[in-house]
Each structure stands twice: as structure tokens, then as C-alpha cells.
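Worksheet: one structure, shown below.
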Amino acid sequence: MKENNNLDLSKDWIVAAGPASLDIAAGLASKLGAKLAKVESIDFPDGESKVKILDEPRNKSVAIVQSLYPPQDKHLFQLFLIAHKMSEDGADVTAVVPYLAYARQDKEFLRGEIVSLGVISHLLRSVGVRRLVTVDIHSAQGLGLFSIPAYSCSAVPLLAEYASANFNLRNPIAVSPDFGSSSRVEAFAAVLKSEYISFKKTRDRTTGEIVTEEQKLNLRGRDAVIVDDMISTGGSVAKCAELLKKYGAPRVIAMCTHGLMVGGAADKMTAAGVDEIVASNTVPSRYSKVDVAPLIANYFQTL
Ligand code: R5P
């Protein structure tokens, strides 16, 4: 059951920097003119996290910023600890989770699989989180698993602005590697004022093998920009880039919100013909070129 959890902006705001997201938290606090609360986290030799809140959040509205990039479970548990302590001390807690791990597990695709995102929703609520803000959740239907108000901002227009300002794009075409990112590529193309297309991708749910369907395209003289919510192993982008090269695209740029870049993803993509890789800072890496702090601040400012 949904609750009416509108933010009480009459309370003092603080932004709490979770151990995974100091930069985004500092940026958000600065944009909102809010105090930045410090959270100390140490690891015991066996790997347990010990988290300590260094500022008093009593009767305040607190935005706890903690992205759930790898190690996902550790970052998630740190978020649970911080949220529980703050809500126990009387704070009105909003979880700001720039990268929401487990969002791809939003239904039982194969019998016996767990809807892990639903479990996370349940646990966040049980530790006192009253609303969730994330960035480019994998699919909008995942938001429906939350029994607290949940909102996803999109970094795609910022990625498009970055592409427009930093690459001298020639007659560009924006490309979605699968139908799941069609609306994202449409939003990207709207900023670039370009054409866009979506490939049809299927993934074997047991082996993980990807098949991307061929299309009849002539991309000679046209730069192609692949846009996706996340790059994990780079397999989806690589399959797509191979086809774009085959169709004649002189330059292929891969852009995403969440650049997880696991298991040699960059090498795989480069070998497939990708010339540039750009991501936001929801997952910090050398590819994080677009800051999502202003985007999240904008969400709070327009409440
Ligand atoms: C899947 O539908 C997502 O939108 C991404 O395309 C996918 O998770 C990327 O994973 P990988 O980089 O391992 O292909």
C-alpha cells in the first residue's frame, strides 16, 4: 500500500554522504545549500562494516546518498545501517541511490528466480526509508515494486548534452542496443535533434548469450552513438557496435548512465569498434564524465 510521504521541506535539510557516494553527496549538498553530514565507515579485518553517524539528524529531513555499485551487497548493507540509525533518531529519511543494483531482477523470468528488487524495497522500508530517488532505473516497472514513493531521474539528456559539446558529431544517429532502451534513445535523439533506431536483442536467460538482429542500414559518413542504461560486461554494446561498423559508421561512441565495466568490458567494446566510452558518475570510473548531482538536486528543488 502506498503512503502519502510528501517531503516536509519545512524541516532542516541535511545530506548524508554514504561511503560509496561522497562526491555526489557533496555536489547535492552544495546545490541545495544543505549541510553535508559525515558518516564514518570502517571495515573490520573479516570484512564487516562498522558505520558511525557523526552528525545529529534528529527531526531533520535527511537525504542519504549511497550508490550500489560493486561491492553491491556491502554498499546496500551500509545504506540499511545508516537509514536505520537515522530514522531511529527521528529523521525523515530519503534514500538517494544513484545506481540501484538488482533493478534488472524485477520479475521472475525463470521459475524459482527471486524478484530481488522487491526484497530490497521491503528492506528499505523496514529500516525506515520513506522515499527513494534513483537515476535511470533499469525499467520503469521496477518502481512499481516499491511500497514507498519511488522516483527515477534520467541522466540521458545530460549524456546527450555531453556528446553534443564534446564530440564533433557528423550526421549522428542515436542507437539503442535493445528495445528496453528505446525511450532512452528517443530522449537522447531529441536533444541531438538526430535520428534514432533500436536494435532487437535477445539474451539466453540461462547462458547469457546475446543475439542482436541485423537491420538494413547504410551508415556511411554517419557517427553512431549507442545509448543504454548500463554497460556491465560490454557484450550488448559490442554486438551492436560490430553491426554499426559493418553498416559503415566511421565512428561509434558508447554512452550509458551506469558504467559498471566489469570483466574487460572496455577491451571487448574497443575490439568491436567502439571509439569512445562515456558514463555518468553513478558508478565512479575513468569513464565517469557526466555528474548526476545537479540532476538529483533538480528533483529536490522541483518538489
Ligand atoms: C539490459 O537490458 C540492459 O539495459 C543492458 O543492456 C545490459 O544490462 C548490459 O549488460 P552487458 O554490458 O553485460 O551486455
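Quick look at the values:
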item: Relative contact order (percent, whole number), the stretch 156-281, Cα cutoff 8 Å, 6+ residue spacing; result: 24
item: Accessible area in the full protein assembly, largest first, 1.4 Å probe, for Arg111, Arg58; result: Arg111, Arg58
item: At 1.306 mPa s and 10 °C, Stokes D of the stretch 156-281 from Kirkwood alpha-carbon radius, µm² per second; result: 112
item: Gyration tensor (Cα) of the chain, equivalent ellipsoid semi-axes in angstrom; result: 36, 21, 17
item: Max mean-square fluctuation residue, GNM over the chain, Cα-Cα springs under 10 Å, options Lys200, Lys50, Lys246; result: Lys50
item: His84 accessible area, 1.4 Å probe, all protein chains in place, Å² to nearest 10; result: 80
item: In degrees, nearest ten, helix 235-246 long axis to first principal axis of the chain (Cα); result: 30
item: Extension reserve of the Glu213-Glu40 stretch, reckoned as 0.36 nm per residue once the Cα distance is removed; result: 57.4 nm
item: Residue among Pro71, Pro98, Pro177 with the largest mean-square fluctuation in a Gaussian network model of the chain, springs linking Cα atoms under 10 Å; result: Pro71
item: Degrees separating the helix 22-32 axis from the principal Cα axis of the chain, which is the longest one; result: 80
item: With DNA, RNA and ligands ignored, accessible area of Ser147 (1.4 Å probe; Å², nearest 10); result: 30
item: Calculated [θ] (222 nm, deg cm²/dmol) that DSSP helices of n ≥ 4 give over the chain, each run adding -39,500 (n - 2.57); result: -9000 deg cm²/dmol
item: Residue with peak Gaussian network fluctuation, the chain [Cα springs, cutoff 10 Å], from Glu242, Glu108, Glu195; result: Glu108
item: Residue pairs, from the table Lys193/Lys216; Lys216/Lys289; Lys200/Lys245; Lys268/Lys289; Lys31/Lys60, whose Cα atoms sit over 26 Å apart; result: Lys216/Lys289
item: Positive-end extreme of charge dipole, the stretch 156-281 - chosen from Phe199, Pro250, Ala279 (charges on Cβ); result: Pro250
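The values are calculated or read from the model by the stated rules, or taken from the named source; none is laboratory data. Because the structure is a prediction, the values reported are computed rather than measured. Don't worry about glycine lacking a Cβ; one is built from the backbone with ideal geometry, like all the others, and counts go over all protein chains shown. Side chains are part of the model used for accessible areas, which takes the heavy atoms of the whole protein and leaves out ligands, DNA and RNA. Shrake-Rupley method; radii C 1.70, N 1.55, O 1.52, S 1.80 Å.
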